[in-house]
Amino acid sequence: MPAFHHLINAILVVVGIYAVAIVLRSRGVLKEEHSMILARIVTDVSLPAVVFVSLASHALRPDQVEPAFVMLGLELLFIGLAWVISSKFGFSRAQQGAIVFCSAFGSSTFLGYSIVQQMYPDTPRAMSEAVLISEIGVGYPIFILGPILAAYFGSKKLGKSNWKSSLSFFRSPVFFAMIAGLLWSILKLPGKENLYIAPVFHFGSVLSAALTPLAILAVGLMLKKISIRTILLPLSIVILLKLLLKPLLAGFAATQFEFPDMWKQLLVLMAAMPSAVLGVVFLRRYGGDATLASALLLTATILSSFTLIGVFWLVG
């Protein structure tokens, strides 16, 4: 199973960079606050480059968005599931928010793209499909619904500024890179084979190569020692929903829709990603339980190295 072996190699690369981040932090070379700087470089520079180059380099077909809409449906489903389950267990509204964000929204861009780059180094079309799944299936829901949900579960009421925040994705470099890449592909403009355009794609490829180390270093610098006992119940819910049930349902849906093997693998991979860092940011901004969300996110990120391999072996 070549894809499974590539996944293990990708996980080992991720774990290795995590270790580098921990060593650099312990030696004082990098500090936790540097993670925000690295994250900003990733979201404003490397991610847009990945999105544009991946989409602009290949002719896209309408059916390629089908896995993205499956992911979108899963996002909405798991928002509802996490909300209902956390309510049944009697968590406070602030705690419910942390569980909902960590159970529904995944780190498809931050860590997902990095793993895809490692798994499919010689298959550019894999990244094109991953971008569609991530941006349509995950990006739209978290950027549009994220501030609204965070305001509901937090202490601040939803106001005009919150609605503006929910539309911030449509002003982000990633969104403009996606539009530019789609138009480039649809209009069949010259690509990297063109003598004059080649430097543009080469420049984008160089920036794209920085994604994996920078993104994983940013997350690695945030890792802290956590008392599992204090978060055992909400963590169990997140593991069950986000790390296990969601990718399993993604694999089942991919089989039912008869997606090609690579699409199925990418859909399962993106669904199995640990919780999104942006969810913690939204909760912190709108008065939610960002402390619980941070603990759940970091623990789920560590555990995802094991659950991802297990789930991918079952259905990937």
> Looking at (1) of a type outside the set (D, E, K, R); (2) exposed (fewer than 14 other Cβ atoms within 10 Å of the Cβ); (3) farther than 29 Å from I309 by Cα, which is the one condition that is false for A19?
Replying inline: (3)
> Which pairs have Cβ atoms under 8 Å, sit 6 or more apart or on different chains, and link a residue in region 176-193 that is at positive phi to one that is hydrophobic (A, V, I, L, M, F, W, C) and in a loop (DSSP other than H, G, I, E, B)?
Replying inline: K188/A59
>> Can you tell me which of (1) over 15 Å from the mean Cα position of the chain (by Cα); (2) surrounded by 22 or more Cβ atoms within 10 Å (Cβ to Cβ) is the one T307 doesn't meet?
In response: (2)
> Taking region 25-35, which residues are without any contact (Cβ under 8 Å) to a residue 60 or more places away in the chain and in a helix (DSSP H, G or I)?
Replying inline: S26
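Within the group L314, L297, which residue is in contact with a strand residue (DSSP E or B) (Cβ under 6 Å, 6 or more places away or on another chain), at pLDDT 80 or above and assigned to a helix (DSSP H, G or I)?
Answer to the selection: L297.
Residues to consider are M127, M71; find the one that is within 18 Å of the chain's Cα centre (by Cα), hydrophobic (A, V, I, L, M, F, W, C) and at pLDDT below 90. Explain how you work it out, then say what you get.
Working: M71 fails: at pLDDT below 90.
Only one candidate qualifies: M127.
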> Quick one: how many residues across region 52-83 are part of a helix (DSSP H, G or I) and either farther than 30 Å from Y152 by Cβ or polar (S, T, N, Q) (or both)?
Replying inline: 9
> Identify, please: which residue in region 147-178 is at pLDDT 80 or above and under 19 Å from the mean Cα position of the chain (by Cα) and is, among those, surrounded by the most Cβ atoms within 10 Å (Cβ to Cβ)?
Replying inline: A150
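The values are calculated or read from the model by the stated rules, or taken from the named source; none is laboratory data. All figures in this text were calculated on a predicted structure; none of them were measured in a lab. Glycine also receives a Cβ, built like all others from the backbone with ideal geometry; neighbour counts cover every protein chain displayed.
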